[in-house]
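The numbers here are math on the coordinates, done by the rules we state, and not lab data. Quantities reported herein were computed from a predicted structural model and do not represent experimental measurements. Cβ sites come from the backbone with ideal geometry, for glycine too, and all protein chains shown count toward neighbours.
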Amino acid sequence: MTKTGPYPIPDDAPIEGGPQSEGDRHILVIDADNCKLYELFHAFKTEEGWKAGSGAIFDLNSNKLRPLGWTSSDAAGLPVLPGLARYDEVAAGAINHALRFTVRRSQRGYILPATHFASRSDDPSRPPMGLRLRLKADYDTSGFPPQAKVILQ
């Protein structure tokens, strides 16, 4: 894991929310040849190249965490890509890994493997970054379409 670039972001990289987005504007790039994952937050293409609010480079051959207190393109200091639900998983009927999601308000704290927080609040009723959650076993998913049920399960 390195803390600085270069980041091999192609000129036509897909931006979360599209090129006119005002949201988080994540960009995720996998370098399969070198087993590296490059992630940017708040990325914009400029005349000089890509500019971003933050980013991280992850070595896909390692489970090493980012140093404590370090953010990433995800405020928790975690990589975004491994926590995404992918089309092929939903189509196959099972997602066998944790899913990432965001909350509107979190607390000033984190639980490993997260390494960073993004809040000033010490309110214990708010979730810390990295908190693992699951639906209650008796949560009724019968009213959801098949693809949503795969995600809920």
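Estimated translational diffusion coefficient (Stokes-Einstein, Kirkwood radius over Cα pairs, 4 °C, 1.567 mPa s) of region 3-123: 83 µm² per second. Note on region 96-153 and region 24-59: Cα centroid distance 24 Å, given to the nearest whole angstrom. When all alpha carbon pairs of region 88-150 are counted in 10 Å bins from zero, the resulting P(r) reads 18, 38, 28, 15, 0 %.
Checking every one of the chymotrypsin sites (Phe, Trp or Tyr not before Pro) in region 57-89 against DSSP loop status and a limit of 16 other Cβ atoms within 10 Å picks out 70. Taking a point 7 Å out from the Cα of residue 135 in the direction of its Cβ, the residues of region 93-110 whose backbone N falls within less than 19 Å of it are 93-103. Put simply, when 50-56, 98-104 are sorted by average Cβ atoms within 10 angstrom per residue, most first, you get 50-56, 98-104. With 0.36 nm allotted per residue and the present C-alpha distance subtracted, the residue 87-residue 44 stretch has 12.8 nm of extension available. Thinking of region 59-116 as a set of Cα atoms, what percent of all their pairs are more than 14 Å apart? Every Cα pair in region 59-116 considered, those over 14 Å come to 62 percent.
For region 17-124, the list of GluC sites (Glu not before Pro) that fall in a loop by DSSP and count at most 16 other C-beta atoms within 10 angstrom reads 22, 47, 48.
Segment residue 20..residue 104, full-extension length gain: 28.0 nm, with 0.36 nm per residue of separation and the alpha-carbon distance subtracted. Counting only Cβ charges, +1 for Lys and Arg and -1 for Asp and Glu, the dipole size of region 81-153 around its Cα centre is about 280 debye. Spatially close Lys pairs in the chain, defined by Cα atoms under 27 Å apart and a spacing of eight or more places or different chains, total 9.
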